[in-house]
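Working notes, beginning with the structure itself.
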Amino acid sequence: MRIDLHTHSSVSDGTDTPAELVAAAAAAGLDVVALTDHDTTDGWAAARAACPAGLTLVPGMELSCRWFPADQPPISVHLLAYLFDPASPELAAERARLRAERLTRGERMVDALAADGHPVSWAEVVARSGGGVVGRPHVARALVEAGVVESVDAAFAGPLHHTSPYYVAKADTDVLDGIALVRAAGGVPVFAHGLARSRGRVVGDDALATMAAAGLLGLEVDHPDHGDADRSHLRGLAADLGLFATGSSDYHGGNKRTPIAACTTDPEQYERLLAAGTGSTPVAG
Ligand code: AMP
Ligand code: FE
Ligand code: FE
Ligand code: ZN
C-alpha cells in the first residue's frame, strides 16, 4: 500500500485541479491520497467525483495556525485535519475567517510591492488563484511572470520571505483551538512538517507535548522539508507521546519541485488515522 496524506490542488496553492490531482496520484501508483488544501474543503466534491478505480481519497485540509510560545513572538505552524465533518459550523466559520484573512494580507503584500514599482497587481493575483484560496505561491507566480524574480523559489527566498519588508503575517488560528475544532468536528488533527526549519522558527518538543495533551493525534514525520535527524527525532517523539506518524509529499503541482508520493505513510499508521476519524469517510474510486 502506498499512501500520501498531504497534497494541494488549484483550489488552494497547487496547480493541478482536484480531478488532475487524483489522476496524478493514481498514475504515481498510490493506493491512498489525501487532499489537504489550505483552509478549504472546496476541492472535495470534484476530487471524489474524479477518483479513479483503485484509489482511495481521504478528505482533508491544512489549517493555518500559530503556536504562542511564552517568551517569543508567535510561530506560524500548519495543522493537517482529516475525516472531519465539513458542515461542523465552528470549523467552517474558522476556515472562512482564514480565507478572508488571506485576501486582506495578500492584497497588502501586493500593494506594497506595486507601490515600490514592481509590476504586479492584486486583481491579477486573484485571477491567478482562480477564485480559490490565495497564498504566497500565487504572488510568487505573478512576480516571476513580471520578471521581478527568476523562479517561485527566488520569490520565496526574496520579496516573499518572512523576513522581507513586504511580508505580512496572517492572524492564523491558535493551534490549540484548531486541534479542538477539528476534534469537535470528528476529525483527526496531525501536526504538519513540524521541523521544516527552512520555513522559519519551529516549535519545541514541549509545544508538541502540549498539543498532544490538547488532542493532537499524529505527527507528520516523513516530509520533503525534514532531514534524516529531524525525522528520527519526530518518530521517537510521536512514539513517546502516543501519536501516530505520517509521511507525505506536500505536493503542490508545478508550484513546487516535489513530486506526488515523494514521501509516504506506513499502512499501520494510516489505520490508526482511519480509526480516529468519525466526521466524514474516505471514498474508494
Ligand atoms: P502562505 O500560506 O500564503 O503564507 O504561503 C505559504 C505557502 O507557500 C505554503 O503552502 C508553502 O507550501 C508554500 N511555499 C513555501 N515555500 C515555497 C517555495 N519555495 N516554493 C513554492 N511554494 C512554497
Ligand atoms: Fe501551500
Ligand atoms: Fe504546510
Ligand atoms: Zn501543505
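The values are calculated or read from the model by the stated rules, or taken from the named source; none is laboratory data. All values derive from a computational prediction rather than experimental measurement. Reconstructed Cβ throughout: ideal geometry from the backbone, glycine too, with neighbour counts over all protein chains shown. Surface accessibility is based on the protein's heavy atoms, side chains included, excluding ligands, DNA and RNA. Shrake-Rupley method; radii C 1.70, N 1.55, O 1.52, S 1.80 Å.
Within the stretch 11-27, work out how many residues are open to solvent by less than 20 Å² (accessible area, probe 1.4 Å), more than 16 Å from residue 95 (Cα to Cα) and among the small types (Gly, Ala, Ser). Give the steps one after another, and end with the answer.
At the first step, the residues of the stretch 11-27 found to be open to solvent by less than 20 Å² (accessible area, probe 1.4 Å) are 12-14, 18, 21-22, 25.
This time we only want the ones that are more than 16 Å from residue 95 (Cα to Cα), so: 14, 18, 21-22, 25.
Next cut, among the small types (Gly, Ala, Ser) only: 14, 25.
Residues in the stretch 11-27 being open to solvent by less than 20 Å² (accessible area, probe 1.4 Å), more than 16 Å from residue 95 (Cα to Cα) and among the small types (Gly, Ala, Ser): 2 in total.
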Open item on the list: Just to be sure I understand the filter: pairs with C-beta atoms under 7 Å, separated by 6 or more residues or on different chains, first member in the stretch 28-48 and surrounded by 21 or more Cβ atoms within 10 Å (Cβ to Cβ), second member aromatic (Phe, Trp, Tyr). Which pairs pass?
Closed with: 32/270; 34/82; 35/44
Task: Search result, residues across the stretch 237-283 that are at pLDDT below 95, open to solvent by 50 Å² or more (accessible area, probe 1.4 Å) and in contact with a Ser or Thr (Cβ under 6 Å, 6 or more places away or on another chain) - done: 254
Open item on the list: I'd like the full set of residues that are over 23 Å from residue 139 (Cβ atoms) and open to solvent by less than 70 Å² (accessible area, probe 1.4 Å), limited to the stretch 83-109.
Closed with: 83, 84, 85, 86, 88, 91, 92, 93, 94
Task: Yes/no for residue 152 being more than 15 Å from residue 106 (Cβ to Cβ), in contact with a helix residue (DSSP H, G or I) (Cβ under 8 Å, 6 or more places away or on another chain) and among the β-branched types (Val, Ile, Thr) - done: yes
- [ ] Could you run through the stretch 203-257 and say how many residues are polar (S, T, N, Q) and either out of contact with any Asp or Glu (no Cβ under 7 Å at 6 or more places or on another chain) or more than 16 Å from ligand 4 (Cβ to nearest atom) (or both)?
- [x] 2
- [ ] With the condition kept exactly as written, say whether any residue in the stretch 89-109 is assigned to a loop (DSSP other than H, G, I, E, B) and at pLDDT 95 or above.
- [x] no
Task: Residue identified as out of contact with any helix residue (DSSP H, G or I) (no Cβ under 9 Å at 6 or more places or on another chain) and away from ligand 2 (no atom under 16 Å from the Cβ) among 45, 25 - done: 25
Open item on the list: One residue is enough: does the stretch 89-96 have a residue meeting the conditions touching an Asp or Glu at 6+ places or on another chain (Cβ under 9 Å), free of Cβ contacts under 8 Å to residues at least 60 places away in the same chain, within 16 Å of ligand 2 (Cβ to nearest atom) and closer than 28 Å to residue 208 by Cα?
Closed with: yes
Task: Top-ranked residue in the stretch 143-173 [being open to solvent by 50 Å² or more (accessible area, probe 1.4 Å) and closer than 27 Å to residue 93 by Cα; ranked as nearest to ligand 3 (Cβ to nearest atom)] - done: 162
Task: Filter result (within 15 Å of ligand 1 (Cβ to nearest atom) and within 14 Å of residue 171 (Cα to Cα)) within the stretch 92-134 - done: 95, 97, 98, 99, 100, 101, 102, 103, 104, 105, 106, 108
Open item on the list: Tally up the residues in the stretch 227-261 that are within 16 Å of ligand 3 (Cβ to nearest atom), out of contact with any His (no Cβ under 9 Å at 6 or more places or on another chain) and either of a type in the set (A, V, I, L, M) or assigned to a strand (DSSP E or B) (or both), please.
Closed with: 1
Task: Test set (1) under 16 Å from residue 138 (Cα atoms); (2) within 16 Å of ligand 4 (Cβ to nearest atom) - residue 5 fails condition number - done: (1)
Task: Subset of the stretch 21-48 [among the hydrophobic types (A, V, I, L, M, F, W, C), touching a strand residue (DSSP E or B) at 6+ places or on another chain (Cβ under 7 Å) and not in a loop (DSSP other than H, G, I, E, B)] - done: 21, 22, 25, 32, 33, 34, 35, 44, 47
Open item on the list: Name the single residue that is nearest to ligand 1 (Cβ to nearest atom) among those in the stretch 135-161 being farther than 16 Å from residue 15 by Cβ and in contact (Cβ under 8 Å) with a residue 40 or more places away in the chain.
Closed with: 160
Open item on the list: Criterion first (under 30 Å from residue 204 (Cβ atoms), away from ligand 2 (no atom under 15 Å from the Cβ) and not hydroxyl-bearing (Ser, Thr, Tyr)) does residue 31 satisfy it?
Closed with: no
